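> Can you keep this structure in mind? I'll have questions shortly.
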Amino acid sequence: MKKKETILVIGAGGQIGTELIVELRRIYGSSSVIAADIKTPGYEVFEGGPYEILDVLDHRRLYEIIKKHKPSQIYLLAALLSSTAEQNPAFGWKLNVNGLFNILEIASKRKIQKIFWPSSIAVFGPNTPKVNTPQFTITEPSTVYGISKLAGERWCEYYYRKHNIDIRSLRYPGLIGHKSQPGGGTTDYAVHIFHEALIKKSYRCFLNKNSALPMMYMPDAIRGTIELMEAQSERISVRSSYNIAAMSFSPKDLANEIETHITGFKISYKPDHRQKYADSWPVSIDDSFSKNDWGWKPKFNLKKMTSDMIHNMKKN
Ligand code: SER
């Protein structure tokens, strides 16, 4: 255990939150990490330390919680992902942007040392260079989710410049983990496929077989997030959001890898509305700013991730 920090994690019951909270509590101590979510979180989050019920859009309650716990750091993870936001654009925009705005406003008035907010590869769009997508390039997202994340990035940089708020952000690729269920994203086929492979030995994929996308295994994502948050402020040159990468693969590549563990696994393809979101996103990401500024280095490739996923899912 190290450092005296009080950390508030909003959206602690979600895909990233459930894993991040466990790691933060291990590092900073259980009582120093407050989980907050609109719903009562799952057992591990709920039992592991303090928690608060919070709708990040409820400004008053948010203020109360911040007054009560006086966090030195806030991780704001509450959001709607690409597919869910597309079904409810008004709410997707409201939650993803106003939620962030509420936090930035409070941070400009109270002493909060650091904020983490996740962006996404969805900030890129059909006119973005697809391969090795640079940090600074055409964005023009075509999904509600991507538009909200791009707006959020601009707000982060604005509040950093105008109010000197130390906000840090990553453009996560598709995240793959075994601790939570798929959460309404386009890249979530790469989570769902493992569940179905173990139960049914088959999976019908909603993307076509060659749709390669940037992906990352959750342990890398959690480690990268905490490393970014622990880096010296002077080393953070990007105050919108950092490109970050680990691997890129298509549904077919993943299915082939799963088949090496689950003999007879079969995949079929029936692309739906999510195909066009995937088509608008990069195939691979240039993350040299993350590497050079704060030393990012992934540990998991497709092979290692697949074998670790299957090992852990079988165990549970
Ligand atoms: N995982 C996100 C989604 O598919 C993209 O960042 O919505």
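Bear in mind that the values in this text are calculations on the coordinates, not laboratory data. This is a predicted model, so every value here is computed, not measured. Every residue, glycine among them, receives a Cβ derived from its backbone with ideal geometry; neighbour counts consider all protein chains shown.
> Dipole size in debye (nearest 20) for the chain around its Cα centre, Lys and Arg Cβ +1, Asp and Glu Cβ -1?
On the way: 43 positive and 31 negative charges, 77 e Å.
It comes to approximately 360 debye.
> Let me ask something additional. Could you give me D for the stretch 171-213, from Stokes-Einstein at 37 °C and 0.692 mPa s, where the hydrodynamic radius is the Kirkwood radius over C-alpha pairs? Units µm² s⁻¹, please. Walk me through the numbers before you get to the answer.
Details: Rh = 11.1 Å.
In µm²/s, the coefficient is 296.
> Given the Cα atoms of the stretch 35-181, and with Rh set as the inverse mean 1/r over their pairs in the Kirkwood sense, what is Rg to Rh to two decimals? Please list the in-between numbers first.
Numbers: Rg = 16.0 Å, Rh = 16.4 Å.
My calculation of the ratio gives 0.97.
> Could you give each residue of the stretch 134-139 its phi-based ³J(HN,Hα) in whole Hz, using Karplus coefficients 6.51, -1.76, 1.60 with θ = phi - 60°, and x for Gly or Pro?
x, 4, 10, 7, 5, 10
> On to the next question. Using amide H atoms built 1.01 Å from N in the peptide plane, name the residues 5+ places from Arg171, or on other chains, whose amide H lies under 5 Å from its own.
Ser119, Tyr242, Asn243, Ile244
> Using only alpha carbons, build the gyration tensor for the stretch 222-316 and give me the equivalent ellipsoid semi-axes, biggest first, whole Å.
In descending order, the three semi-axes are 31, 19, 11 Å.
> Between Trp296, Asn243, Pro71, whose Cα lies farthest towards the positive end of the dipole of the chain when Lys and Arg beta carbons carry +1 and Asp and Glu beta carbons carry -1, centred on the Cα centre?
Pro71
> With viscosity set to 1.567 mPa s and temperature to 4 °C, compute the Stokes-Einstein D of the stretch 127-188, Rh being the Kirkwood radius across alpha carbon pairs; µm²/s, no decimals.
Diffusion coefficient, whole number: 93 µm²/s.
> What is the Rg over Rh value, at two decimals, for the stretch 6-91, using alpha-carbon atoms and the Kirkwood definition of Rh?
With Rg and the Kirkwood Rh in hand, the quotient comes to 0.99.
> Here's a follow-up. For the stretch 129-255, compute Rg over Rh where Rg is the Cα radius of gyration and Rh is the Kirkwood radius from the inverse mean 1/r over Cα pairs.
My calculation puts Rg/Rh at 1.01.
> I would also like to ask the following. May I ask for the distance between the Cα centers of the stretch 91-130 and the stretch 134-207, given as a whole number of Å?
Cα centroid of the stretch 91-130 versus Cα centroid of the stretch 134-207: 12 Å apart.
> Sticking with this structure for a sec: Would you mind checking which residues have amide H under 5 Å from Lys266's amide H? H placed 1.01 Å from N; only 5 or more apart, or other chain.
Residues meeting the amide H criterion: Ser202, Tyr203.
> What is the magnitude of the charge dipole of the stretch 204-286 about its Cα centre, with +1 placed on the Cβ of each Lys and Arg, -1 on the Cβ of each Asp and Glu, and no other charges, expressed in debye to the nearest 20?
Working: 10 positive and 10 negative charges, 92 e Å.
Value, rounded to 20: 440 debye.
> Do you know the relative contact order of the stretch 195-316, to the nearest whole percent, from alpha carbon pairs under 8 angstrom that are 6+ apart?
Dividing the mean separation by the residue count of the stretch 195-316 yields 42 percent.
> Let me ask another. Going by average Cβ neighbours within 10 Å, how do the peptides 202-209, 100-107, 161-168 rank, with the highest at the top? It would help to have the intermediate numbers written out before the result.
On the way: 202-209: 18.5, 100-107: 20.4, 161-168: 15.9.
The most tightly packed comes first, giving 100-107, 202-209, 161-168.
> No solvent, one uniform scatterer per C-alpha: report log10 I(q)/I(0) for the chain via the Debye equation at q = 0.14 1/Å, two decimals.
-1.08
> Contact order normalised by length for the chain, with contacts defined as Cα pairs under 8 Å and 6 or more residues apart; what percent is it?
18 percent
> Oh, and also: Can you put Thr18, Thr260 in order of Cβ neighbours within 10 angstrom, beginning with the fewest?
Thr260, Thr18
> Over the alpha-carbon set of the stretch 266-311, work out the extent along each principal axis and list the three values in angstrom, largest first.
41, 32, 10 Å, listed from the longest principal axis down.
> What fraction, in whole percent, of alpha-carbon pairs in the stretch 190-239 exceed 15 Å separation?
That fraction is 66 percent.
> Using the count of nearby Cβ atoms within 10 Å as a rough guide to exposure, how do Ser211, Ser250 rank from fewest to most?
Ordered by Cβ neighbours within 10 Å, fewest first: Ser250, Ser211.
> Within 10 Å of each candidate Cβ there may be at most 16 other Cβ atoms; applying that plus a DSSP loop requirement, which trypsin sites (Lys or Arg not before Pro) in the stretch 7-87 survive?
Those satisfying the criteria are Lys39.
> Additional query: Which of the listed residues, Leu198, Ala221, Leu150, is farthest toward the dipole's positive end in the stretch 139-246, when Lys, Arg count +1 and Asp, Glu count -1 at the beta-carbon?
So the residue we want is Leu198.
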